[in-house]
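Got a structure for you, questions after.
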Amino acid sequence: MSAPLLELSGINTYYGPVQVHFDLSLSVAQGQIVCLLGGNASGKSTTMKVILGLLRPRSGIVALDGQPITGLSTPQIIRRGVGSVPEARRLFGAMSVRENVLMGAYARRDRATVRDDYERVLDQFPRVRERLAQQAGTLSGGEQQMVAMARALMGRPRLLCMDEPTMGLSPRYVDYVLELIQTINGQGVTVFMVEQNANLALQIAHYGYVLQTGRIALSGPAADLRRDPQIRDAYLGGAHAA
């Protein structure tokens, strides 16, 4: 198995007096798509906040390429090669699509190559290119998700963190977004995705974790998790799941 690009070790996180993570440990191997599954209030999105430096754990270590990043600011973490596609996209609705995409390069210092990357990213997202002058807030949910992905790729991430990438999308856009995730991964970008829809996530992931009330309940290769009776009953619709 590839060496971990991202590793969380013994993470304990709190919101005030309420503990969210209980000695949470997981790793994301270089070059893989890894999914974190779980229901509402399981701690999935909080895990993403910890990775991105938006919430500091009370104890434990987050490491990128073997180097601790716990306590770094979000811009510092992004500069180390971590991209983010947040839940609900978080676009600047009154700004143009072009402005939103270019926001992804704000932390880069290699300004000379940003233009080339901009064209390369737009080649991957033709629907985004068609709407560059449009206000981002007027786009459909699927189109906004593509803008959010394009924005993240403008940071040249080694690791792309995606929080509920299929949430609220029509079936057509769900399939398209999953294909894009696989394409991005095929280009050498490691993907860590938080997802409530286990069936979809396990179709494209190499490895998965199941989070229950802040603890890892199950983990393993995605193909094994799809066959696991606990996963099938809780997340895949029982015996009728494919």
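Just give me the residues in segment 95-132 being closer than 19 Å to Val177 by Cα, among the charged types (D, E, K, R) and in a helix (DSSP H, G or I), in sequence order.
Result: Arg120, Asp123, Arg127, Arg129, Glu130.
Can I ask one more? If I go through segment 67-102 residue by residue, how many of them are over 20 Å from Arg158 (Cβ atoms) and within 17 Å of the chain's Cα centre (by Cα)?
5
Just to verify a result, which residue in segment 67-83, among those that are small (Gly, Ala, Ser) and either in contact with a Ser or Thr (Cβ under 8 Å, 6 or more places away or on another chain) or free of Cβ contacts under 8 Å to residues at least 24 places away in the same chain (or both), is farthest from Ala136 (Cα to Cα)?
Per the criteria, the residue is Gly71.
Step by step: first the residues of segment 180-230, then only those that are outside any strand (DSSP E or B) and hydroxyl-bearing (Ser, Thr, Tyr), then the one that is nearest to Val128 (Cα to Cα). Which residue is that?
Applying the filter and picking the extreme gives Thr183.
Something else: What pairs come up if the first residue lies in segment 142-162 and is within 18 Å of Gly93 (Cβ to Cβ), the second is among the β-branched types (Val, Ile, Thr) and part of a helix (DSSP H, G or I), and their beta carbons are under 6 Å apart, counting only those six or more places apart or on different chains?
Gln145/Val177; Met146/Val128; Val147/Val97; Val147/Val128; Ala150/Val101; Ala150/Val121; Ala150/Val128; Arg151/Val101
Now for a separate question. Tally time: how many residues in segment 159-179 are in a loop (DSSP other than H, G, I, E, B) and among the hydrophobic types (A, V, I, L, M, F, W, C)?
2
Under the condition of being touching a helix residue (DSSP H, G or I) at 6+ places or on another chain (Cβ under 9 Å) and touching a residue at least 24 places away in the same chain (Cβ under 8 Å), which residue from segment 44-60 is surrounded by the most Cβ atoms within 10 Å (Cβ to Cβ)?
My answer is Ile51.
Among the residues of segment 199-215, how many are surrounded by fewer than 19 Cβ atoms within 10 Å (Cβ to Cβ), more than 23 Å from Leu180 (Cβ to Cβ) and not charged (D, E, K, R)?
Qualifying residue count for the region: 2.
Also, I was wondering about something else. Please enumerate the residues belonging to segment 99-110 that are closer than 10 Å to Val147 by Cβ and basic (Lys, Arg).
Result: no residue meets the conditions.
Where a number appears in this text, it was derived from the coordinates with a stated rule and is not lab data. Keep in mind the model is a prediction, meaning the values are calculated, not measured. Backbone-built Cβ (ideal geometry, glycine too); neighbour counts: all protein chains shown.
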